[in-house]
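K.L.:
Before anything else, here's the structure in question.
The values are calculated or read from the model by the stated rules, or taken from the named source; none is laboratory data. Quantities reported herein were computed from a predicted structural model and do not represent experimental measurements. We place every Cβ from the backbone using ideal geometry, glycine too, and count neighbours over all the protein chains shown. When the accessible area is computed, the model is the full protein with side chains, heavy atoms only, and any ligands, DNA or RNA have been set aside. Shrake-Rupley method; radii C 1.70, N 1.55, O 1.52, S 1.80 Å.
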Amino acid sequence: MIRIRRFLLAVALLFPLLCAAAPVSVHNLRLWQAPDNTRLVFDLSGPLEHRLSTLNDPERVVIEMENARLKDGLASLDVSRSYITAVLAAEQPDGKLRITLELKRPVRSHSFVLKPYGQYVTAW
């Protein structure tokens, strides 16, 4: 009986850590094209840490998401009217999800978090 109580106490104490370690799911990627900018929105199952960087020759924007996984892969996007030529995704062995945007020319990029809206729980 004491062993069972100790085990249950240990599980109860570790439960928040186990839940925190679960990867965030990336459910979808949406593109919105305005006359002066392009916005990509990732639909996520929860908040996550990320890093945005640019690379040259060829021009790319790289988004690395910590502890994230694609839920069902990326749906194809119509990028024909944007500066994006391709969107690539790769899950890394260290738990990062890397999204690479191949570009037609150099761009200024930045990221921000959007509040949940309607059917979209979390967006980035």
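K.L.:
Mind listing whichever residues of segment 74-110 are of a type outside the set (A, V, I, L, M, F, W, C), within 15 Å of the chain's Cα centre (by Cα) and open to solvent by 50 Å² or more (accessible area, probe 1.4 Å)?
P.N.:
E91, D94, R98, H110, listed by residue number.
K.L.:
Can you tell me how many residues in segment 90-124 are at pLDDT below 95, hydroxyl-bearing (S, T, Y) and in a strand (DSSP E or B)?
P.N.:
Of the residues in segment 90-124, 3 are at pLDDT below 95, hydroxyl-bearing (S, T, Y) and in a strand (DSSP E or B).
K.L.:
Residue by residue through segment 17-46, note down the ones that are in contact (Cβ under 8 Å) with a residue 12 or more places away in the chain, of a type in the set (A, V, I, L, M) and either open to solvent by less than 50 Å² (accessible area, probe 1.4 Å) or touching a strand residue (DSSP E or B) at 6+ places or on another chain (Cβ under 9 Å) (or both).
P.N.:
Once the filter is applied, which keeps residues that are in contact (Cβ under 8 Å) with a residue 12 or more places away in the chain, of a type in the set (A, V, I, L, M) and either open to solvent by less than 50 Å² (accessible area, probe 1.4 Å) or touching a strand residue (DSSP E or B) at 6+ places or on another chain (Cβ under 9 Å) (or both), segment 17-46 yields V24, V26, L29, L31, L40, V41, L44.
K.L.:
Hey, another quick one. With E64, E49 as the choices, which residue is at pLDDT below 95, within 23 Å of A22 (Cα to Cα) and either crowded, with 18+ Cβ neighbours inside 10 Å or in contact with a strand residue (DSSP E or B) (Cβ under 9 Å, 6 or more places away or on another chain) (or both)?
P.N.:
On inspection, the qualifying residue turns out to be E49.
K.L.:
Here's something else I'd like to know. Counting just the residues of segment 67-89 that are of a type in the set (S, T, N, Q) and at pLDDT below 90, which one comes out nearest to D36 (Cα to Cα)?
P.N.:
Let us first name the residues in segment 67-89 that are of a type in the set (S, T, N, Q), namely 67, 76, 80, 82, 85.
Filter again for at pLDDT below 90, leaving 76, 80, 82.
Working: S76: 22, S80: 15, S82: 10 Å.
Filtering first and then ranking leaves S82.
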